[in-house]
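First comes the structure, then the notes that go with it.
The values are calculated or read from the model by the stated rules, or taken from the named source; none is laboratory data. Please read all numbers here as calculations on a predicted model, not as lab measurements. FYI the Cβ positions are ideal-geometry reconstructions off the backbone, even for glycines, and counts take in every protein chain you see. These area figures cover heavy atoms from the full protein model, side chains too; ligands, DNA and RNA do not enter into them. Shrake-Rupley method; radii C 1.70, N 1.55, O 1.52, S 1.80 Å.
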Amino acid sequence: MLTTTKTKYEPERTELTNESVLIKPNLKGDWLNFFMLLLLYTMQGLPLGLSSAIPILLQSKKDTSYQDQALFSLVIWPFSLKLLWAPLLDSLYVQKIGKRKSWLIPVQYLIGIILLYMGNRIDILLPEKGKPNVMVLVYLFFITNFLSATQDIAVDGWALTMLKKNNVGYASTCNTSGQIIGVMIGSVFAILFTSEDFSNKYLRITTGVEGIVSMKTLLYIWGILFILITTMIAIFKKEKDNTQEDGYVKLNISKTYSLLWDIMKLPSIRILAIALLTARIGFAATDSISTLKLIDAGVSKDDIMVINTAMYVVKMIIPLIIAKYTSGPKPLSLYLKVTPIRLLWNIVFIVLVYYTPKIININGVVNIPKYYYAILIFILSVQEVLSYMMFVAILAFFSRISDPRFGGTYMTLLNTLSNLGFVWSSTVALQLVDLLTSKECSFDAINNCSTLDLQNVCKSNEGNCIVTINGYYIEIIPCTIIGIAWYIYFRNILKNLQIRSPSHWLVNVKKPVTENIEESYPLAVTA
């Protein structure tokens, strides 16, 4: 147990008692809570996996522009902005229902209802032939991810009281593993199990039509499961009343937002914020567009999904391999070592995307040789490993510098800045690629094939829209140059930041908001 001594305006001083030293993690009597958390985080990951599958499905149908992809990329923004409404969940609730259940129950019901609605409309919104209704898909998935992000906030807070105090460390295990499982289910089922080619090749004994399950059926099943599981939780799972605990303080909204502002005013945080918001520019085109370009060239979405699925296993192993580099006092050293390698890897993707059509297309027919698969798996694997090494390193740095008095809020803010750096650069990269691309019809140079109507006119006259200037190459080169400039400018700055004493990251609070703030507002983070 942790005991604290503090004055009204002093930072909290934490002392370990003999009891806390003797008590070790032991899930005996806590296994049901452990699996409950794992289930909740898996449910949270499912909409994310489905959201990651839709762009691949859109691109494979050949009726979607990169501006449509840029528009759909907005659906991931809620997870990067959840800090804006997270304080509401801690301040507004019905005590009889439970602090976290007051939000969790209605939010999960709404997700289930939206999934059922999408199941009823998906054949119209995402038809097998014809242009998808991207705008409506954006609305539906944005709302779903907003609700999922809200569920994330509630579950993160509940995790700290659902488990016994000596088992709270297992919450991060549930978080990481549950989300990966949910994302895998959402993406793999939506792409591979609905694919006729994949089902006939790997899942059926005899050849059949369409996948072994339709997207409509999947959405119905997931919607019903969300509603059933939520109902079971509402009836049978009681939430612990932490208002009776020693030191409990109900934190109001204004104090929480004031705390966030106090953190942002720290000079070290302001410098770090600029670095985080611009760090992903160098990789924006590679991360956001390369896979879509490979699908355009003729690589099957099923092949891409199989490789991506294998990468989830890699993600589980990488943190263990690099633990000795990220657990020390200088986790950013690994981040800085990997950055130039990733920037150079952009060139590898340029070569891959350029030569892919030449390798896999023979006389206009797609025939992918085995050696190409080996090359593709190698390049994508290296990219994923480098990316995840940077991700783990930056998270380790966040954990090291966060003021322990306000660890949850501090970590949420830092991850919000990091996520925003990814989502804005990704959206802009997708938006620009069509604008930077030039095409012309093979029989009519005046027709620039800039719209789907002009492309259809060209095809109706048995012509082809030929790319004269590929916006992907135009974009990836300046992105790489900006990334190199970023590395040169921030390299020494980040090195200096990671060796600064803890006092540089402590919040100077001049009002009594420090009293057990971590217990009353445990904002944990899902990156």
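Of note:
- Angle in degrees between helix 471-498 and the longest Cα principal axis of the chain, rounded to the nearest 10: 20 degrees
- Distance between the 7 Å Cα→Cβ label points at residue 457 and residue 131: 1.4 nm.
- Using a Förster distance of 45 Å, the FRET efficiency for residue 508-residue 176 (Cβ separation, nearest 0.05): 0.85
- Shape call, the stretch 89-209: gyration tensor on alpha carbons, a/c limit 1.5: oblate
- Label sites at residue 74 and residue 464, each approximated as a point 7 angstrom past Cα along Cα to Cβ, lie 3.5 nm apart.
- Spin-label model distance (nm) - residue 351 vs residue 234, 7 Å beyond Cα toward Cβ: 5.8 nm
- Counting charges near residue 431 (Lys, Arg +1; Asp, Glu -1) among other residues having Cβ under 13 Å from its Cβ returns a value of -3.
- Using C-alpha pairs below 8 Å separated by at least 6 residues, the relative contact order for the chain is 23 percent.
- Two-decimal ratio, the chain, of alpha-carbon radius of gyration to 2.2 N^0.38 Å: 1.04
- Extension gain for residue 62-residue 446 works out to 136.0 nm (0.36 nm per residue, less the C-alpha to C-alpha distance).
- Note on residue 473 and residue 81: with the Förster distance fixed at 45 Å, the Cβ-Cβ geometry gives a FRET efficiency of about 0.90.
- Dividing the mean sequence gap of close Cα pairs (under 8 Å, 6+ apart) by how many residues the stretch 121-238 holds gives a relative contact order of 15 percent.
- Carbon + sulfur, % of accessible area of the chain - ligands and nucleic acids excluded, 1.4 Å: 65 percent
- P(r) for the stretch 186-308, from all Cα pairs and a bin width of 10 Å, is 10, 18, 18, 22, 22, 9, 1 %, short bins first.
- Accessible area per residue for the chain, computed on protein heavy atoms with a 1.4 Å probe, is 47 Å².
- Computed from point charges on the beta carbon alone (+1 for Lys and Arg, -1 for Asp and Glu), the dipole magnitude for the chain about its Cα centre is near 1260 Debye.
- Cα convex hull of the stretch 189-238, projected area averaged across orientations, nm²: 4.3 nm²
- The chain: Cys lacking any partner C-beta under 4.7 angstrom: 174, 479
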